[in-house]
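Report on the following structure.
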Amino acid sequence: MKDIVISVNNAVMYILLAIIVITSVVGMFVQGFWSGVGAFILGTLVWCVISGFWFVQSATYEELRKLNAK
């Protein structure tokens, strides 16, 4: 069950990154170049922090699973 949760959450993280990029590109044309660039930088920075925590947690789960299998 945990493997399914990890794969779904990974897909959600990459879909969220795509939404951030699309929103930033649209924002460049609608609100101005610097607003779009700012949204892109801030959005990707927040995404990197959240995904970093998520990937560390899922890697820790994999390592614990390997240790418990021995």
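The values are calculated or read from the model by the stated rules, or taken from the named source; none is laboratory data. Note that the structure is a prediction, hence the values are computed from the model and not measured. Neighbour counts are summed over all protein chains in view; Cβ atoms, including those assigned to glycine, are modelled from backbone coordinates with ideal geometry.
What the table shows:
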| quantity | calculated |
| --- | --- |
| Qualifying positions in region 15-29 - out of contact with any helix residue (DSSP H, G or I) (no Cβ under 9 Å at 6 or more places or on another chain) and either more than 23 Å from SER58 (Cβ to Cβ) or surrounded by 11 or more Cβ atoms within 10 Å (Cβ to Cβ) (or both) | ILE22 |
| Candidates GLY38, GLY32, filtered to the one that is modelled with pLDDT of 90 or more and surrounded by 12 or more Cβ atoms within 10 Å (Cβ to Cβ) | GLY38 |
